[in-house]
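Below is one structure, written out as structure tokens; the observations come after it.
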Amino acid sequence: MTDDFIRFENVSYSYTSDADNIKYAIENADLTIKKGEFTAIAGRNGSGKSTLAKLMNALLIPTYGKVYVNGKDTSDESEVWDIRRTVGMVFQNPDSQIVGATVEDDIAFGLENIGLSRDEMHERIDRALLTVRLEKERSTQPHLLSGGQKQRCAIAGITAMRPECIVFDEATAMLDPSGRREVMELAHRLNKENGITIVDITHHMEEVCCADRVILIESGKIIADTAPSELFRNRRLVEEAGLELPKAAELAEVLRDKGVPVRGTVLTGDECFEALSELLSDLHFTGESFA
Ligand SMILES: Nc1ncnc2c1ncn2[C@@H]1O[C@H](COP(=O)(O)OP(=O)(O)O)[C@@H](O)[C@H]1O
Ligand SMILES: [Mg+2]
């Protein structure tokens, strides 16, 4: 028994089948995601992130190689619906994912086709509303919700299907900072409290910093698979993948370049606050200056 949850074995994917002109959106990808992990995926636009995501839940089937979800081959047609229920997807545009006239109807939509009793359906809707904290918005029309609330509504629809994994494909890209925080707070809570495996495709380095692991894609190839703290120590890799340092890390770098002894790993706002507070309290006690 292994805790491998998603496994890519030498996977290539091409959108075209024209053999003379073949171009791979994903090329020779080997990848294992374990149950319960929180993985970030980053890379430039067009590098293959969405293709990789769609290969994870059988929305796309590899041109070469194999993808397994819980040991099930995604190219086995008899497993497709089960795989799609196991791995839910949240996309970028919150408006394109909502189909119900009210929040409650929207959550019910996916449940209607899986043969549940009325009681079971109500119970799952209540639980999903509670999980995403939209109990008060249960009868609200989705178009009246904020961007963050719409994404939480979409996530409620997915959690009601009892997935083991949720893939966020730039699900925070169209949200304002408070919407982004709401959705990320929910993603981390689903991971920690419900044990749901999370794959978060993102351009926001603050999100990358909070993941267990980050995978970098460039021109269809996986160029790094590492801990976020390692990634941001490797400037060449950060530049190669077209990423920026997180704001907090950038500030720490600028200060270090100027000879200010900022200690420890500084990636998140909290770590930056801690490092600077420590520095200021040292200064206060010693009366030293950095000049
Ligand atoms: N439906 C499609 N048909 C043809 N080419 C596509 C399609 N979707 C994506 N591509 C191409 O595949 C490559 C990877 O795209 P994608 O996975 O969407 O990248 P990302 O999500 O990183 O922006 C790009 O060159 C893109 O133009
Ligand atoms: Mg994409």
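The values are calculated or read from the model by the stated rules, or taken from the named source; none is laboratory data. Everything numeric in this text was worked out from a predicted model, so none of it was measured. Quick reminder, even Gly has a Cβ in these numbers, built from the backbone with ideal geometry, and neighbours come from all protein chains shown. Each accessible area value is taken on the protein alone, full model and side chains, heavy atoms only, with ligands, DNA and RNA left out. Shrake-Rupley method; radii C 1.70, N 1.55, O 1.52, S 1.80 Å.
Things worth noting here:
- Over all distinct Cα-Cα pairs of the chain, the Kirkwood formula returns a hydrodynamic radius of 20.7 Å.
- Residues Ser146 and Val99, FRET efficiency given R0 of 30 Å [Cβ-Cβ distance, rounded to 0.05]: 0.95
- Across Lys49/Lys247; Lys54/Lys136; Lys34/Lys136; Lys35/Lys136, pairs whose alpha-carbon gap is larger than 28 Å: Lys54/Lys136; Lys34/Lys136; Lys35/Lys136
- Euclidean distance of C-alpha centroids, region 47-107 and region 249-264, integer Å: 42 Å
- Maximal additional length on extending the Lys221-Lys34 stretch stands at 65.3 nm, based on 0.36 nm per residue less the C-alpha distance.
- Folded to 0 to 90 degrees: helix 147-159 orientation relative to the chain principal axis, Cα: 50 degrees
- Computed FRET value (nearest 0.05) for Glu77 with Arg127, which takes r as the C-beta separation and R₀ as 25 Å: 0.20
- Solvent-accessible surface of protein heavy atoms, probed at 1.4 angstrom with all chains present, puts Lys34, Lys258 in the order Lys258, Lys34, largest first.
- With Cα atoms, 0 to 90° folded angle of helix 247-257 axis to the chain main axis: 20 degrees
- Taking every Cα-Cα distance in region 245-286 and sorting them into 10 Å bins starting at zero, the pair-distance distribution P(r) comes out as 32, 57, 11, 0 percent.
- Rounded to 5, the percent of DSSP beta bridges in the chain classed as antiparallel: 55 percent
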